[in-house]
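Below is one structure, written out as structure tokens, with a few remarks after it.
The values are calculated or read from the model by the stated rules, or taken from the named source; none is laboratory data. The structure displayed is predicted, hence computed values, not measured ones. Quick reminder, even Gly has a Cβ in these numbers, built from the backbone with ideal geometry, and neighbours come from all protein chains shown.
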């Protein structure tokens with residue numbers, strides 16, 4: 001009984017343990033990335049057989065460390081998935097024991113229930129006071145037996161939950177020890193994985209099917225698939241913890257590649273002496289030819305430097321500040337697409353996805369994550385009992401400028417990835433309860449969100465929020481939006497919109513179809529802050545601290561609809 005009470009009274013312990021394991025793997029990934037960077041730097045100037053052997057050893061160590069890290073994450077995953085059952089069942093045991101004791105009966109350390117030795121009419125209080133003495137004692141014995149059956153059942157459920165968790169952790173620890181023993185040796189792979197590596201088959205495209213397949217793999221098989229295809233970390237249907245691990249590793253590689261490109265370009269800077277004039281080299285060479293080559297080189301160098309800076313910025317964003325909420329890198333690729341989650345969507349009660357608008361690119365993802373942090377806090381302010389995760393989804397090529405923002409092609413290209421991303425969030429979510437999922441779209445991002453819920457597509461979310469929309473493209477009203485899931489509310493109760501009267505977008509003619517802020521569209525329009533006057537800044541002020549728009553977004557994310565103003 002004391003063990004059950006200890007578990008029930010320390011509900012945070014398992015979650016803290018899982019988070020600690022996850023953080024330790026992040027630290028391990030950072031260390032391995034640092035080693036890889038050192039090796040890459042050395043290889044820039046080291047050639048020959050010894051260098052090739054060293055590189056091969058480094059690659060082998062990378063694969064081995066991946067296997068170990070994924071296995072360790074499996075332990076955290078087991079605690080996250082099965083821990084709530086242990087905690088809930090021990091809470092039931094504690095509550096039954098407290099109720100039985102409160103009723104005047106005795107509960108022993110081993111879970112035995114007995115009536116008090118001095119049972120008599122009126123004591124315990126459940127015994128009628130007018131009952132005969134012998135009848136009262138028999139009544140107490142029967143009642144103790146009933147309580148015993150309830151408590152025994154609760155203890156059995158708790159014991160089963162504990163045994164299931166212990167068995168999974170024990171199995172995973174055994175796999176971890178095996179991987180450690182044969183860290184740099186070839187590990188057997190199943191036929192399904194071998195077929196994928198050989199190009200005879202592919203990973204399932206459907207997020208739910210991919211999730212089921214992924215859960216059937218060993219850590220060695222998962223690591224082998226990532227070694228074969230770095231895009232694994234961005235595939236919807238793979239658990240967030242695994243995506244984060246693989247993408248952090250990939251981010252380190254992308255940084256090394258970008259750093260190498262900058263170094264290579266610095267060695268290719270044009271030399272004016274290489275551009276002779278008609279009459280010979282001369283002191284200055286050919287000024288016009290040199291300038292053209294220098295300008296071309298400068299453009300390439302500036303672009304490469306900017307790419308490296310963006311990747312370093314993403315690394316800093318994912319790492320966060322000491323004491324900050326855990327961040328998960330859910331997507332990174334060579335095109336500059338990325339997604340970062342504040343808290344883990346797989347275990348959160350509320351999951352929101354922030355879809356940015358014009359000008360969104362990798363260099364600015366830190367600002368998007370700052371907005372996500374604010375939305376997490378806003379939701380927590382209205383419901384501190386629920387866990388909220390917000391994903392900053394830079395998973396599409398946004399229009400680079402206002403001129404391009406008039407084109408619908410960017411939304412058309414981003415719609416399928418956004419819809420599939422939402423399906424992936426549903427597929428990987430853990431626990432008995434279904435999460436409440438929301439899209440928070442801003443500016444051109446509203447066009448993407450609407451496109452993802454139009455035509456043949458369905459957006460697997462509970463609520464959609466359109467902030468400062470330039471129009472939604474195809475849909476004429478809320479009835480044209482396809483929102484999937486078991487939520488039985490009408491679309492008019494699930495679609496939200498807001499725009500500040502000071503937002504400069506009000507001065508621009510709607511170019512993408514229906515205006516969701518218009519009453520005829522049928523969305524629930526909520527309030528945003530008014531400022532001193534119309535300005536460009538007002539288009540981005542919806543996430544200002546304590547603004548009514550931010551408060552309302554937090555209420556929608558947390559399902560506090562009645563409080564939305």
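Numbers for the structure displayed
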| quantity | calculated |
| --- | --- |
| Subset of region 317-353 (residues that are within 22 Å of residue 397 (Cα to Cα) and more than 12 Å from the chain's Cα centre (by Cα)) | 317, 332, 333, 334, 335, 336, 337 |
| Residue 270 at pLDDT below 85, outside the structural domain of residue 22 (by TED's automatic domain parsing) and surrounded by fewer than 21 Cβ atoms within 10 Å (Cβ to Cβ) | no |
| So residue 39, is it modelled with pLDDT under 80, assigned to a helix (DSSP H, G or I) and surrounded by 15 or more Cβ atoms within 10 Å (Cβ to Cβ) | yes |
| Conditions (1) within 23 Å of residue 541 (Cβ to Cβ); (2) free of Cβ contacts under 8 Å to residues at least 60 places away in the same chain; (3) outside any strand (DSSP E or B); number of the one not met by residue 340 | (3) |
| Test: residue in region 108-130 that is modelled with pLDDT of 90 or more and part of a helix (DSSP H, G or I) | no |
| Considering residues of region 201-223 that are loosely packed, with under 15 Cβ neighbours inside 10 Å and within 18 Å of residue 424 (Cα to Cα) only, the residue farthest from the chain's Cα centre (by Cα) | 202 |
| Condition met for residue 351 (within 16 Å of residue 438 (Cα to Cα) and assigned to a strand (DSSP E or B)) | yes |
| Meets criteria (crowded, with 24+ Cβ neighbours inside 10 Å and either over 21 Å from residue 559 (Cβ atoms) or in contact with a helix residue (DSSP H, G or I) (Cβ under 7 Å, 6 or more places away or on another chain) (or both)) for residue 344 | yes |
| Filtered residue count, region 521-565, keeping only those that are under 18 Å from residue 386 (Cα atoms), surrounded by fewer than 21 Cβ atoms within 10 Å (Cβ to Cβ) and out of contact with any helix residue (DSSP H, G or I) (no Cβ under 8 Å at 6 or more places or on another chain) | 2 |
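A quick yes/no check of all residues on (1) touching a helix residue (DSSP H, G or I) at 6+ places or on another chain (Cβ under 9 Å); (2) modelled with pLDDT of 80 or more; (3) part of a helix (DSSP H, G or I); (4) surrounded by fewer than 19 Cβ atoms within 10 Å (Cβ to Cβ):
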residue: 64; (1), (2), (3), (4): yes, no, yes, no
residue: 69; (1), (2), (3), (4): yes, yes, yes, no
residue: 74; (1), (2), (3), (4): yes, yes, yes, no
residue: 81; (1), (2), (3), (4): yes, no, yes, yes
residue: 99; (1), (2), (3), (4): yes, yes, yes, yes
